[in-house]
Amino acid sequence: MAGRVGAHMQLQNRLQGLRSSIQAISDIADDTVRVCTVAGLDLEELGETDSAMQVEASLRKLLDAQHQLDVERSLVTRLATEQDMADNAEAEYLASWEQSMATYNEQSDAAKYGKNTTYKEFREQLWE
């Protein structure tokens, strides 16, 4: 029993570290979204529509990565709050992650980005 409690505490510490890392990466991604928006606006103002479209494509990739971070944050938080963590927590995490990402990747671009506030604001600022 003592070994299981120690392993549980060690896993909790690792999960807390993961949550902190995910948050740090998410903060960087948020900053990058702001830079993409400014760059896109500047390029469009200069008449560099093709380059602005490349920035938009990069923004979509960044939004995909942010979605992945959100999935990971949710799964790590769920694992960290479970009182009786299963011995196969890693396998459950990976299966849930793969299922969530497969569901997301199967969506059309309109479904992925159409309701995304960040993307809508980018498009409104850039193209309207």
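Checking Leu43, Leu62, Leu69 one by one, the residue that is over 30 Å from Ser20 (Cβ atoms) and either at pLDDT 95 or above or in a helix (DSSP H, G or I) (or both) is Leu43 and no other. Comparison of Gln125, Gln99 shows that the only residue that is open to solvent by 80 Å² or more (accessible area, probe 1.4 Å), in contact (Cβ under 8 Å) with a residue 40 or more places away in the chain and at negative phi is Gln125.
Just the residues that are in a helix (DSSP H, G or I) and over 12 Å from Trp127 (Cα atoms), please, taken from segment 46-59.
Just the residues of segment 46-59 that are in a helix (DSSP H, G or I), to begin with: 49-59.
Asp50, Ser51, Gln54, Val55, Ala57, Ser58, Leu59, listed by residue number.
Within segment 27-40, residues that are over 14 Å from Arg60 (Cα atoms) reach partners that are surrounded by 17 or more Cβ atoms within 10 Å (Cβ to Cβ) with beta carbons closer than 7 Å, at six or more positions or on different chains, in the pairs Ala39/Val55.
For segment 40-54, enumerate the residues that are at negative phi and open to solvent by less than 70 Å² (accessible area, probe 1.4 Å). Once the filter is applied, which keeps residues that are at negative phi and open to solvent by less than 70 Å² (accessible area, probe 1.4 Å), segment 40-54 yields Gly40, Leu41, Leu43, Glu44, Thr49, Ser51, Ala52.
If only residues of segment 55-74 that are more than 12 Å from the chain's Cα centre (by Cα) and free of Cβ contacts under 8 Å to residues at least 24 places away in the same chain are counted, the one that is surrounded by the most Cβ atoms within 10 Å (Cβ to Cβ) is Val55.
Residues checked against (1) over 25 Å from Ala24 (Cβ atoms); (2) modelled with pLDDT of 95 or more; (3) open to solvent by 40 Å² or more (accessible area, probe 1.4 Å):
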| residue | (1), (2), (3) |
| --- | --- |
| Gln83 | yes, no, yes |
| Ala86 | yes, no, no |
| Leu94 | no, no, yes |
| Thr103 | yes, yes, yes |
| Glu106 | yes, yes, yes |
| Glu121 | no, no, yes |
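Quick check on Leu79: is it surrounded by 12 or more Cβ atoms within 10 Å (Cβ to Cβ) and free of Cβ contacts under 8 Å to residues at least 12 places away in the same chain? For Leu79, the condition - surrounded by 12 or more Cβ atoms within 10 Å (Cβ to Cβ) and free of Cβ contacts under 8 Å to residues at least 12 places away in the same chain - is not met.
The values are calculated or read from the model by the stated rules, or taken from the named source; none is laboratory data. Since the structure is predicted, the reported quantities are computational estimates derived from the model, not experimental observations. With ideal geometry, Cβ positions are generated from the backbone for all residues, glycine too; neighbour counts draw on all protein chains shown. Keep in mind that these areas ignore ligands, DNA and RNA; they rest on the heavy atoms of the full protein, side chains included. Shrake-Rupley method; radii C 1.70, N 1.55, O 1.52, S 1.80 Å.
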